[in-house]
1. Among bridges DSSP assigns within region B:123-266, what percent are antiparallel (round to 5)?
2. In Å, what is the Rg of the alpha-carbon atoms in region B:543-585, and how long is Dmax?
3. Summing +1 for each Lys or Arg and -1 for each Asp or Glu, what net charge is found among the other residues whose Cβ lies under 13 Å from the Cβ of A:LYS275?
4. With charges set only on the Cβ (+1 for Lys and Arg, -1 for Asp and Glu), what does the dipole of chain B come to about its Cα centre, in debye to the nearest 20?
5. Considering only DSSP beta bridges with both partners in the protein assembly as shown, what is the antiparallel share in %, to the nearest 5?
6. So which GluC sites (Glu not before Pro) in region B:373-453 pass both tests, a DSSP loop state and at most 13 other Cβ atoms within 10 Å of the Cβ?
7. Just add up the charged neighbours of A:ILE224: K/R +1, D/E -1, any other residue whose Cβ is under 13 Å from the Cβ of A:ILE224.
8. State, as an integer percentage, the relative contact order of region A:120-225 based on alpha-carbon contacts under 8 Å between residues 6 or more apart.
Amino acid sequence: MSDNKPKVAFYWCASCGGCEEAVVDLNEGLLDVAAAVDIVLWPVALDFKYSDVEALRDGDIAVAFVNGAIRTDEQAHIARLLRRKAGLIVAFGSCAHTGGIPGLANLTTKEKIFETSYLKSPTVDNPEKTIPVTKTTVDGVDATLPGFWTQVHTLDQLIDVDYYLPGCPPMPNSIVDAVTAILEGKLPPKGAVIGSKKALCDTCTRTKPVKPTLHERFYLPHEIDVDPEVCFLEQGVICCGPATRGGCGEKCIQGNMPCTGCYGTLDGVTDQGAKLVSAIAAYIDGDSAIEVKKAVATILDPAGTFYRYGVPASQLFKKEAMEVTK
Amino acid sequence: MTDKVGVFLCKCSDNIAARVDIEQLSAELKLEEDVAFVKSHELLCAGHGQEFFEEALKNSDISRVVVAACSPKDHESTFQKCMNHVGKNKFLMQMANIREQCTWVTSENDNAYAKAKALTRAAIRRVKLHEQLVEKEIDCHTEVVVIGGGIAGVESALLASGDGRKVTILEKSPSLGGMVTKLEEAAPNMECAPCMVSPRLSLIDENDNINVITNCDIEEIAGYLGNFEIKVKKRARMVDADACIGCDECIQACPVEVSSAYDYGMSSRKAVDVLFPGCFPNCAVVDTSVCLKTTGGECNACVEACPMEAMDFSQTDEIEVLRCGAVILSTGAEQFDPVELSQYAFDANALENDIYTYSQFARLTSNHGPTGGSVVKQNGEAPKRIAFVHCVGREQLGYCSGSCCEAAFGLGLAAMSGDETTSVVHFVSDVMCGGELGSMLLERVNQKNRTRTVDSDAMWSKVMSGLGSGVQEITQPSFMVRVDNINEVSVTTDNGVSAVRYSVAGKSYGIAADMVVLVTGTQPSKTSTELMRMLDLAATRGGFAAADHPILRPASSSLDGVFLAGSVMGGKNISESIISAKASAGGALSKLVPGRKLSLKSIVAYADEELCSACELCVQVCPYSAAKIDVNRNISVINEVLCQGCGTCVATCPSGAVTARHFTDAQLDAEISEVLHG
């Protein structure tokens, strides 16, 4: 390992591993990256110890890519450590960016999650009703576990983040673009989200109606025969495209599935879900409150539809977010 | 210039000062970093208060001001004017409502004080982010275009042209006058309709400010108050309108006869014809779809017959583009077509069986109608009994048209003015024929009907026997029968005599009639619907043009600059049509004053083209049709003339691309954050 190559760290917090997979999906491109950089931490692929990172000088790592949301003491500890050691922190993927799928856990409580996972799940056999605690003594030996927080947080609610690579997971071309920009020193303004400045609709090739049609009800994609040439919203299928940053290459749209919003909101919008709700409201037809309620009732799981990737980043959790920052 | 804020606190006599210690608030606010000065006054809105306000600002370098006083609904404009007087931008003034929202809503002085302080501080934060908005003015056209030359269009044009304003009337048919020209006597006071219309058309003719284009179609119409553009297709008349004197030599000579739509198929007309005697312009027109010469045949009869050499077959359709500042839409309505409903026997043989719509029947009463004004059956005999079935189509249309009862009673009265043995009976549920004149009309019909005796000859008994048992003839019907359910009244017909079946108080009856008149409801005309679509006007449930506010602004459409006159808004009698016509003309006149510019609202929305992805949601939600997609640039453009600053698109825009001036996210966030966390 040569010292003149920039040091790079990859880390995962509360995530599914899909972001790691996205890095591996670079295929041969990964070799180019690996050749150009000196990887100092990548728990999923290489055997480094936290102590190796702690031993580095502050600011020694050129860039750290952190995926996953923050929920445990360990994740917070490493995130803070990387912030200290790295010149640049890139929030990698939806979970680090806006909270992602793990962020939906903010709609329930820590206690309920433990109850479901450790006591009530059909496959759990736990007669002593043991649930995780941070410290316990077994046969005179102290054993510890990282603390499980009451809420899921985005990375930037905990540490200062330089760039965001959105997506669940980020598209390989976005990753290459970001890494290349960093390696070549062509850095966008701090805080930039790597992607389009416009919503997905900008590049969507489906035909838009002259005037959007109003719907008496909404459908899930499998409930109707979705016309692959026509705007999903026109067909009554909720598509998050209008409120979601473009730049992903519209893989879902091309696969005849609506956008679920993983690239997050656009610059200047504070709450993707709220924006989606007002956008979708414009598609609802009804002369009375009852008719409108009927149409709204056909939207199953509104929180999961409108806030699938963004509960912790939303206005709804702004207060909690402020508390953790303090 | 300083960025600091000048703060004025109003005591509003004791309205505010009794609960909020203004001296203490003043002392506290003076410590704020952003505050240049705090001045308090007993009654800032009073004359001496305004002088105090202006004096404090006149020679100061303060540009941003907070007034903590009453609701902005009360005095925002007062202090905005004061800002203008001292040469400051009025949009750099923000009011904090410390009266209605503080002292008037609590008896706790501490709470009132805390809230007054929070709201004033929030206003200070907000006004720091205000932009100096510019009040724009645009030139505007003062001409008025009236679309539809019926009585409503004619009357609005006459009034609108009164002060020398240029007015153009566009009419689809070859003549002005509209539906009223088809009547002989107009309800409710049975005045001679042609005598009312002709002098009005003459006034149009004499008026140099009114330009009339008949026989035309509107291809495109778009714009906003002060600036509309209308593309008109003038259909070739094949007659030189300046040369034609309206004699009927060409008509006599023309060998082609076709069914007359003006008479609803009850008479024929020639391929070259006038719409009705005394039409305006008094000029013949060739129906090129049936004329032998224009359909490839050999004929020159009209050309040879015309003494004025007015026939001109070299004419082609012409396009003219008109510009105007206001549009008066008076395109009228249509009658419901009872063909759709089998219960009335209004089939292909309806005329043979003497079953008419009331529009058709009206032509029978007209002196220039198919029977020369005699109400007679198809066989030429006078009818003995005419049954008027009201509310035809009401259930299908979903509303009461409001004007048909009166017209039908009028026709009934006109029908009895001929043969002494003719009686009428109206089958009704609700009667919409009110007011003094309407009541008098009902009384006249009733009285006249009482003088008639019912002839019970063999004709009736034959029909009666066919009605089955349990059905009895009413020998002396009143002129009006209130039935249980008007939608269940049915008509059957047999050998020239019809039976009307109905029920009263749960019992079934039937009577014979040798003429049946179906009083059909009013529905939007196709022309009106198409124009409403082009202008994106709001519609009522029934599809008529909707008033901007049905009570307060009944002659304004949803688009500023487009006014509504007559039945385009739904069924209207003649006087109602004329009232709305005058209201429309008044609205247009007051908005478009020659030489005066049109000042635009400053607080409007705009779309950032860097962020907009043309998802079209703003277009969908905008109630003023101000948002449109620029297809070349693939972005939304919000027309600042049409935008009323309601903010609907701002809330809807999922990309955060639309911003409302003076209500930006940053301004609102600063204000709210200060109240919540300050």
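Nothing in this text is a laboratory measurement; each read-out follows from the coordinates by a stated rule. Everything numeric here is computed off the predicted structure, so don't read it as measured data. All Cβ positions, glycine included, derive from the backbone under ideal geometry; neighbour counts span all protein chains shown.
1. Here the share of antiparallel DSSP bridges comes out near 55 percent.
2. Rg and Dmax of region B:543-585, Cα atoms, are 9.2, 26 Å.
3. Local net charge: -2.
4. My answer is approximately 1300 debye.
5. Here the antiparallel bridges make up roughly 45 percent for the protein assembly as shown.
6. Numbers: sites: B:GLU381, B:GLU395, B:GLU406, B:GLU420, B:GLU436, B:GLU443; in loops: B:GLU381, B:GLU420.
Within region B:373-453, the qualifying GluC sites (Glu not before Pro) (loop, at most 13 other Cβ atoms within 10 Å) are B:GLU381, B:GLU420.
7. It works out to a net charge of -3.
8. Here the relative contact order equals 18 percent.
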